[in-house]
Amino acid sequence: MPEDDELRQEGGKAMAVGETPITVVGNVLSELTRRTVPSGHEVVSFWLRSNERRYDKETNDWVDGRQLTVKVTCWRKLAIGAFASIGKGDPVVVTGRLSTSEYAADGQTRSIPEVEASAVGPNLARCTATVRRNSRDAVPDTPGLPSFEAPAPRAGSDEFGANALVTGAVPSGAR
């Protein structure tokens, strides 16, 4: 009989032993970038920051704590939905697999934390959203599926969208 670790599922794919599942709650820190890989699959990437806030009993005030910044990568249908639904500054919940990507800069090897997302959604504790389901066989050119136009900036938001209110899960033109 397979071990429990072998039976765990993440995003519909079996997780390998030793993978690190993670859920990050934070704000989209960058514009979303979209590309199509040679296989024809869509890929969307963005930076996500999670800021720890804690109550300091000595000062009777909330203070900033540690921060986590990760690069999030979404593939295929998730990429299409994320690009159509979220934008810079939006409060989101991302779950997926944590890893590090290495690169060379100034003669040194550096690494960045990266989450290969299996799910991305609005953080409903910090915004509201209207859900619009896509059909199972929808593809990017199918009528009714959101186009790849960048989401419009949210009115009333600061540089990181702290005052933003997400009023829909898709851009208004795609409703």
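The values are calculated or read from the model by the stated rules, or taken from the named source; none is laboratory data. Please read all numbers here as calculations on a predicted model, not as lab measurements. Positions of Cβ are generated from backbone atoms using ideal geometry, with glycine treated the same way; all protein chains shown enter the neighbour counts. Note: areas computed on protein heavy atoms with side chains; ligands, DNA, RNA excluded. Shrake-Rupley method; radii C 1.70, N 1.55, O 1.52, S 1.80 Å.
Can you tell me which residue among E116, E102, E52, E58 is at pLDDT below 95, charged (D, E, K, R) and within 18 Å of T23 (Cβ to Cβ)?
None of the others qualify; the one that does is E52.
Suppose we keep only residues that are among the aromatic types (F, W, Y) and assigned to a strand (DSSP E or B) within the range 66-118. Which one would you say is surrounded by the most Cβ atoms within 10 Å (Cβ to Cβ)?
Ranking the qualifying residues of the range 66-118, first place goes to W75.
Residues of the range 11-35 being assigned to a loop (DSSP other than H, G, I, E, B) and open to solvent by less than 80 Å² (accessible area, probe 1.4 Å), which ones?
Those that are assigned to a loop (DSSP other than H, G, I, E, B) and open to solvent by less than 80 Å² (accessible area, probe 1.4 Å): G11, G12, M15, A16, G18, E19, L29, S30, L32.
Just checking, how many residues over the range 37-95 are farther than 20 Å from V131 by Cβ and β-branched (V, I, T)?
Count: 8.
Of the numbered conditions (1) more than 17 Å from the chain's Cα centre (by Cα); (2) modelled with pLDDT of 50 or more, T128 fails exactly one; give the number of that condition.
(1)
Is there a residue being acidic (D, E), touching a Lys or Arg at 6+ places or on another chain (Cβ under 6 Å), assigned to a strand (DSSP E or B) and exposed (fewer than 14 other Cβ atoms within 10 Å of the Cβ) anywhere in the range 36-56?
yes
Quick one: how many residues across the range 98-132 are in contact with an Asp or Glu (Cβ under 7 Å, 6 or more places away or on another chain) and among the polar types (S, T, N, Q)?
Qualifying residue count for the region: 6.
What pairs come up if the first residue lies in the range 49-64 and is among the charged types (D, E, K, R), the second is assigned to a strand (DSSP E or B) and open to solvent by less than 100 Å² (accessible area, probe 1.4 Å), and their beta carbons are under 6 Å apart, counting only those six or more places apart or on different chains?
Correct list of pairs: R49/G26; R49/N27; R49/T69; E52/G65; R54/G65; D56/V63.
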